[in-house]
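Quick notes on the structure that follows.
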Amino acid sequence: MPPLRRALLLAPLLALAACASNPGAHRAPDAALPVAFQHAAPAAAEAAKAAEAPIDPAWWLAYGDPELDRLLRRVAQANPELAQAEARYRQALAQVDAARALAWPQLGAGAAATRSGSSGGAASGLNSAGGTRSLYSAGLDLSWTPDLWGRVALQRQAASASADAQAALVDAARLALQLAAAQGYVRLRALDAQAALFAQADQAFARSLQITQLQYEAGLVARADVIQAETQLQSLRTQVFTLQRQRALEANALALLAGSTPADFPVPVREAALPAVPPAPAAVPAGLLRRRPDLAAADRLLAAAHARVGLAQRAWLPDLTLSASGSLQAGSLARLVDAPARVWSLGPQLAATLFDGGARRANEAFSTAAYDEQAAAWRAGVLAAVRETEDALAQLASLTAQDRQQQRLVELANQNERVVIDRYEAGEIGFLEVATAQNTALAARRAALDVQAQRLAASMALVGALGGGWTRP
């Protein structure tokens, strides 16, 4: 074919290729991010600018609690929701393999045996007798669609990005489930500590009742003091049932997160103090974007949507298919190898859709809108991540200061309780002041436990906001 004619034939294809231009490399859209977190200490923020702390997947070890370690490892191994996320990741990997297979030629094989006949005249054919004939055939078919316009490459990009997103979502699900279990464990431990406080208060209230009864028998106090002491003790013992119910519910929730039943995964009662809150460095937003698995998943989903836009643009281009086939035919199975009849074909095929009623244009608009939606979702995820980090830092700073003040309040309440009891035993005051002092001291101790538990929960929330734990550089 003369060069001029070839150029004229290729001109429409080149024009279509220009219409379906490459959308370019994927880049995440910009998001308004602060230089440093507002509620982070200036020194910590400066240290975070200089060097980011690497992620520590076993972040819960910083709390030094073996039971917490056992729980969170069980969550990672047996939680059914996490197993679902991992299964979705395997499905995405299979889609990647399917997309890669599109670049390879397709080879097929076939074999057939037929027997036919006619009612009149002499039968003709490869093997005829008595108006019947037999035909045996075997052949191969080979076809290949070259990736002229990059469609297969874009399909691989979309599938690979989706698989990366699913892998990140597995990490995000694991982190979220472990955080939920850790915070539930802290609540359960706080309930155990409150139950221990109630047991101590029960002994103190029972002793006060005993002293009041002795003083009543000696004629030093009125019967009303005895009734008030009994009422105080009974009220305390009634509240114990509320703690027991709350603990049972928390233990059941932990068993579910661990992928087990409450009977098969009991959480023993521990009266020891709550774990200490480990020191937490502040991280700049740039590090936060690389740490959080949910933001990594959003970025990869955006990349997949970007590749699908390119696929929709290339739907206007024709398909070129190269095919070849060959077969052997014979009148008997024994003569099939000799191949008295051979049939073959070879050639290219170019096919294009000239009119589809606007389906391709609609699909391109849909893909573009889906990309815009995912871009907005990515920006929203970034802003939400910054807010979660700011919330956790603000809560940690406030609760740390509150914890110091609450501990001072506990000391004062304990001192007041001892002084009031001594004065009561000396007959200087009535039991009402004793009851008030004892209940105030108990309330202060319970409030101190609540603050400690809230500090631990805020510390773990910061772990989730930053995408995991950290190690000291």
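Derivation of every value follows stated rules applied to the coordinates shown; laboratory data play no part. What you see is a predicted model; the values in this text were computed from it and never measured. Methodologically, a virtual Cβ is constructed for each residue, glycine included, from the backbone with ideal geometry; neighbour enumeration extends over all protein chains shown.
Run the numbers for D356 and L142: contour at 0.36 nm per residue of separation, minus the present Cα-Cα distance, in nm. That works out to 74.1 nm of additional length. Normalised by 2.2 N^0.38 Å, where N is the number of residues, the C-alpha radius of gyration of segment 100-239 stands at 3.14.
If you average over every viewing direction, what projected area does the convex hull of the Cα atoms of segment 199-298 give, in nm²? It is 12.1 nm². Extension gain, S116-A377: 0.36 nm per intervening residue step, less the Cα-Cα distance, totals 87.4 nm.
Given R0 = 60 Å, the distance between the Cβ atoms of A103 and A195 translates into a calculated FRET efficiency of 0.40. With 0.36 nm allotted per residue and the present C-alpha distance subtracted, the E428-E230 stretch has 69.2 nm of extension available. Sequence-ordered 3J(HN,Hα) estimates for segment 406-412 from the Karplus curve with 6.51, -1.76 and 1.60 and θ = phi - 60° stand at 5, 5, 5, 5, 4, 4, 5 Hz, glycine and proline given as x. Here the alpha carbons of segment 378-427 define both size measures, Rg and Dmax, at 21.3, 71 Å.
An ellipsoid equivalent to segment 225-270, defined through the eigenvalues of its Cα gyration tensor, has semi-axes of 35, 8, 6 Å when rounded to whole angstrom and sorted largest first.
Calculated FRET efficiency, L214 to A401, Cβ-Cβ distance, R0 = 45 Å: about 0.50 to the nearest 0.05. Sorted largest first, the spans of the alpha carbon positions of segment 337-473 along the three principal axes are 124, 47, 37 Å. Report note on the peptides 217-224, 348-355, 244-251: ranked by the mean count of other C-beta atoms within 10 Å, highest first, their order is 244-251, 217-224, 348-355.
Once the gyration tensor of the Cα atoms in segment 169-227 is diagonalised, the equivalent ellipsoid follows with semi-axes of 50, 8, 4 Å, ordered largest first.
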